[in-house]
Each structure stands twice: as C-alpha cells, then as structure tokens.
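This report concerns only the one structure given below.
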Amino acid sequence: MNDFDTQIERLNTHSVKWDHTKEIFGKEDLLPMWVADMDFKAPQEVIDAMKTRLEHGVFGYSKATEDTIDAVKHWLKTRHNWEIESDWIVFTPGVVPAISAAINTYTEPGDGVLIQSPVYYPFGDMVRKNGRKLYKNSLRYTGDNYEMDFGDLEDQFKNNKIKLMLLCNPHNPVGRVWKREELRKVAELCIAYDVLLFSDDIHFDLIYKRYKHTLISSLSDEIQNRTITGIAPSKTFNLAGLQFSTIIIPNERLRNQFNTYLAKIGFFSPGSMGIIAAEAAYRHGEEWLQGLMDYLDENLSYLKRFISEELPEIKVIEPEGTYLVWLDCTELNMEHKKLEAFMQDEAKIAFDEGYIFGKEGEGFERINIACPLATLKEGLNRLARAIKKYKIEKP
C-alpha cells in the first residue's frame, strides 16, 4: 500500500529543497514548495533493489547494460506506445546536461536557439552560458491557459536562422500537455526550416486523466530524424538525486555527434545506483505511479477549491500534466520583486517566482503540490493569512 500522506523528515539529508533554504533564499523559516522534487518515498521495489546493491558492498565503475536498455524500451512501449531501437539510446546524468551537450554538439557560438517562454529556466541559462543567441517564441496567455504562437514561431525560424529549438512537453511551468495537432505544426515548421529539436519530456508520465501525452518524435519518420528526446525516471519516481536520464536519438549521425561530445567532456556512464533504480522503477513502478497520480489529482482538487473559496484574487492555471501548478497573482497588483518579498517575508513560503521563467512569468508563482496534503494545507493557510492581512492593511 502506497502511503503519500506521511510527512517525512527531509532535513539533514543533503536536500536542496529542505536543507539549503537559507543559502538559496536568505531565510530559514520558509516552507519550501518550490523545486521540482517530491516529498514522497520512491517505490518500495526501487528501494529494495538499491538495498540489495548496497549490501554487495563493492562500488566500482558501473555501466548500463542491455537490461537497462530493455527496461527503458519496455516502459516506452507499454506506457507511451513508442517502440524504439536499442541503439537510439544514450544515457546521461540528467536532461539539463543533455540540453547543454546538444547545444554544444549541434550549434556554434552565436547561433540561434529558440525557447518558448515562460519556460523552465535552465533552458535559457544553457543557451546563454554556452554563448549561443537566445530567441523567444513567447506562449500566448489566454487568461485561463496557454497556447503556442505558430505565426511568430515561423517568423522566428524564417528570420533568425534558428539552428535548435528546445521544446518542453509537458510544459513546465504552465502545465500544458501539447496536443497532437499542436506538435504536428511544430514538427512541420522544424522540417520546413531545417531546425533541430530537443524535446524535454521529463514530466511525460505525470499526466492527469483527461489528457494524453504525445512524444513528438513518434509523429513521423521525418521529425524523428531531427529530434533528440530527453526522458528520465527522476520526476516520475522522485529519483532526481540519482542522476540518471535517457536521451533518445534515432538519427545515427546526430547520435554519433552527441556521443563524441560526451566523450570529449569525459562522461562515461551514470552511477550504479541510478542504473539500478531506473531498471527497478521502469519494471515495477507502474502501480506506485498510478497511486501517485490519484493522490496528485486529489491535491490539485483541494488547491483549486481552497483558492476559489479563500483566495479569489489568485487564479489557478490548471495543469494538464506535472505536479507543478502555475498561479496567476497579477490581481494582487504587486511588482514582481515586491510579490517575491511578500511571499517570503509575509506568507513565509518559498515558491519558484514566475519571473525566473522569463519576463512573461512576472506576477505568477509556481507551487509544487507533490507533498502530503497536510503540507499543502499548511502552505495554503500561510498564503491565505498573509493575503488577508495585506488586504486589511492596504491603503
């Protein structure tokens, strides 16, 4: 039986989320509801597999095997109806390092790389830090959700000599699970303007019941031939600290180039615990994942209900996927830095501030609901008390 209600003490576990609050935010008394890891134990089958490996006691160099590859292929086929070849797979310590590797492999300094803001902030960071030119195809906010601006996307491809596009699906932070027809339009434009595509699908298992995830590379041979897809068990099973990701590159030439770059920086293989955990998760984690999604659905319902009843000034952008919820706080009429200070100094909560995802995110907050309901209630009650006090004191 999966227990997602138990509040697990995470202090003194080297947790970025819980142990480094003061270092990151400058304050110690904040409830952390920011970074995308969960406050839940991994599936017991994963823990047991790691215990068995620990008991062996020898931790020399490790390398992923055919068993690892077969576990990934099995998961993709059974969960996502995508049948891939073994030699398409490259293992890396994370999707973000793979994005950096792709930027360095397929573009030159000064080349154009496109993102869709507001988007996961390492996308832009990797482009800038690697000396490429960043272009933004901003998503259109409808007031309830987000959509792609395909006219602007084509103009960017046509006029700015974009070499690489970074796609986020499901989208972090706005929670969209892009529809098949939306992805088909992206694919058609990438093909027409000879743009390579890196599709970050790391949240692809975390889809709410009314929606269906599509891997863009599965749409056609043409788009598959120019797409690099990043997935991982890290978000699905809360294994981010084990640093194991799968990068799928069907095009042999692109794959060889990618592997050459990894060799150049001295990367050999993920660590043994990441390999063991990934195999166990992909082989035995489906029941746990179903329980997780049911729990997240309940947390999301509670969040929506609470905000509707207690905080009508805030609008919930309902996620179609991920355990991250995008909150529109613009009706509070606070400049984004004032909003950040308010959330930390008055509400005593550490959110991911909307502006870090791009200028388009100013006035928004990203909250992580992958926590016991009691933690979520505590965070929302803190927020409600702070806003009610603010409204009373506001001149």
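The values are calculated or read from the model by the stated rules, or taken from the named source; none is laboratory data. As the structure is a prediction and not an experimental result, all values here were calculated from the model. All Cβ positions, glycine included, derive from the backbone under ideal geometry; neighbour counts span all protein chains shown.
Computed values, structure above
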item: Tabulated pairs, the range 17-33, first closer than 16 Å to Glu378 by Cα, second crowded, with 18+ Cβ neighbours inside 10 Å and at pLDDT below 95, C-beta under 7 angstrom, 6+ apart or interchain; result: Leu30/Thr21; Pro32/Thr21
item: Scope the range 174-195; condition closer than 26 Å to Asp111 by Cα and either among the hydroxyl-bearing types (Ser, Thr, Tyr) or not in a helix (DSSP H, G or I) (or both); matching residues; result: Tyr193, Asp194, Val195
item: Filter result for the condition that a residue is assigned by TED's automatic domain parsing to the domain that holds Ser245 and either in contact with a Ser or Thr (Cβ under 6 Å, 6 or more places away or on another chain) or at pLDDT below 95 (or both), over Lys63, Lys77; result: Lys63
item: So Lys158, is it at pLDDT 95 or above, outside the structural domain of Glu365 (by TED's automatic domain parsing) and not in a strand (DSSP E or B); result: yes
item: Filter result for the condition that a residue is touching a Cys at 6+ places or on another chain (Cβ under 6 Å) and β-branched (Val, Ile, Thr), over Ile392, Ile314; result: Ile314
item: Failed criterion for Lys22 (all others in (1) at pLDDT below 95; (2) surrounded by 14 or more Cβ atoms within 10 Å (Cβ to Cβ) hold); result: (2)
item: Where a residue in the range 369-381 is in contact (Cβ under 8 Å) with a residue 60 or more places away in the chain and under 11 Å from Tyr295 (Cβ atoms) and its partner, wherever it lies, is surrounded by fewer than 17 Cβ atoms within 10 Å (Cβ to Cβ) and among the β-branched types (Val, Ile, Thr), with Cβ under 8 Å and at least six apart; result: Pro372/Thr6
item: Helices (runs of 4 or more DSSP H) contained in the range 258-354 and holding at least 3 residues assigned by TED's automatic domain parsing to the domain that holds Phe25, under 14 Å from Asn368 (Cα atoms) and modelled with pLDDT of 95 or more; result: 286-310
item: Conditions (1) out of contact with any helix residue (DSSP H, G or I) (no Cβ under 8 Å at 6 or more places or on another chain); (2) farther than 21 Å from Gln116 by Cβ; (3) aromatic (Phe, Trp, Tyr); number of the one not met by Tyr390; result: (1)
item: Count - residues of the range 173-203 that are farther than 23 Å from Lys73 by Cα and among the acidic types (Asp, Glu); result: 4
item: Residue in the range 128-146 that is of a type in the set (S, T, N, Q), in the same structural domain as Gly274 (by TED's automatic domain parsing), over 20 Å from Ser234 (Cα atoms) and part of a helix (DSSP H, G or I) present; result: no
item: Count - residues of the range 319-331 that are out of contact with any Pro (no Cβ under 6 Å at 6 or more places or on another chain) and either buried (at least 18 other Cβ atoms within 10 Å of the Cβ) or of a type in the set (S, T, N, Q) (or both); result: 7
item: Tally, over the range 255-271, of residues that are surrounded by 15 or more Cβ atoms within 10 Å (Cβ to Cβ) and either touching a strand residue (DSSP E or B) at 6+ places or on another chain (Cβ under 7 Å) or within 13 Å of Pro93 (Cβ to Cβ) (or both); result: 8
item: Residue list for the range 39-74, restricted to those being free of Cβ contacts under 8 Å to residues at least 24 places away in the same chain and touching an Asp or Glu at 6+ places or on another chain (Cβ under 8 Å); result: Lys73
item: Matching entry among Leu206, Leu153, Leu164 (being buried (at least 21 other Cβ atoms within 10 Å of the Cβ), touching a strand residue (DSSP E or B) at 6+ places or on another chain (Cβ under 7 Å) and over 23 Å from Arg79 (Cα atoms)); result: Leu164
item: Residue match in the range 150-159 (condition: in contact with a Phe, Trp or Tyr (Cβ under 8 Å, 6 or more places away or on another chain), among the hydrophobic types (A, V, I, L, M, F, W, C), closer than 15 Å to Asp200 by Cα and in contact (Cβ under 8 Å) with a residue 24 or more places away in the chain); result: no
item: Helices (runs of 4 or more DSSP H) wholly inside the range 1-120 containing at least 2 residues that are among the charged types (D, E, K, R) and within 23 Å of the chain's Cα centre (by Cα); result: 16-19, 66-80
item: Given (1) closer than 30 Å to Lys63 by Cα; (2) free of Cβ contacts under 8 Å to residues at least 40 places away in the same chain, number of the condition Phe204 does not satisfy; result: (2)
